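Every number in this text was worked out from the coordinates using simple rules, so none of it is lab data. Bear in mind that the values here come from a model prediction, so they are computed numbers and not experimental data. Cβ sites come from the backbone with ideal geometry, for glycine too, and all protein chains shown count toward neighbours.
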Amino acid sequence: MPDFSTIILFAAASLVLTATPGPDMLLIASRSVSQGRAAGFLTYVGIALGTYCHAIAAALGLSQLFLNVPIAYDIVRWAGCAYLLYLAYKTLRADDSAFSPSVSLKRLSRTRIFTEGLATNLLNPKMALFVLALFPQFVSPNGGSMLSQMILLATVLNTIGLLVNGTVILLGSHLRSRLSTVSRFPRLPQYLLATVFTALACRLALGSRS
């Protein structure tokens, strides 16, 4: 296993990375505003599980596929774009009361919220390349099982991410309570979430591999 100093260094790097606004934080924030605190945390749990999946894939060498077979990267990238655009469409087509800040969270199932967070992370090939590029720098050849070390690093990253995104979730749910007093724009959270999904799709489609 990595020694304590290596874990501390990785935790510091994770803090810088997770505190930098990105697609995951944007999705979590929009979910927290549109559906509340529980939805924000469920979205994060899905994203965190996706991080474990990427770490395991990297440990097993599957992420090397993106480096050696460029078309595999493009297939996953465009699948992710299509999925995000589908989510944007479904959001706009949904009953606006499901996104109203004054309505119970039960209108959107917890399974759906969790699954969307997980799928959004899994269908982001840049996350796979990120894990493949960063994690091996903190893995020791003499530290035992590569898989165990990668899972440990993913746990550290997710723990730091929980602290950072937990703050975002609390702020988002606070904003949600403020929006509950605004009745002139009942579909505003719905439009916000659809815009987030569309923006993430465009970012994935137009972004480079680097």
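Please check which bits of the stretch 1-44 a label hung off Arg112 would reach, taking the label as a point 7 Å along Cα-to-C-beta and the cut-off as backbone N under 19 Å.
27-44
Quick one: what are the phi-derived ³J(HN,Hα) couplings along the stretch 114-127, Karplus 6.51/-1.76/1.60 with θ = phi - 60°, whole Hz, x for glycine and proline?
Per residue, the Karplus-derived 3J(HN,Hα) values read 4, 5, 5, x, 5, 5, 4, 6, 5, 8, 9, x, 5, 5 Hz.
What's the extension gain from Ile151 to Ala13 if we count 0.36 nm per residue and subtract their Cα-Cα distance? Before the final figure, lay out each step's value.
Values: separation 138, 0.36 × 138 = 49.68 nm, distance 1.64 nm.
Contour length minus the Cα-Cα distance gives 48.0 nm.
For His174 and Ala133, compute 0.36 nm times the residue count separating them, minus their Cα-Cα distance, and round to one decimal in nm. Show your work: numbers first, answer last.
Values: separation 41, 0.36 × 41 = 14.76 nm, distance 3.62 nm.
Going from the current span to full extension adds 11.1 nm.
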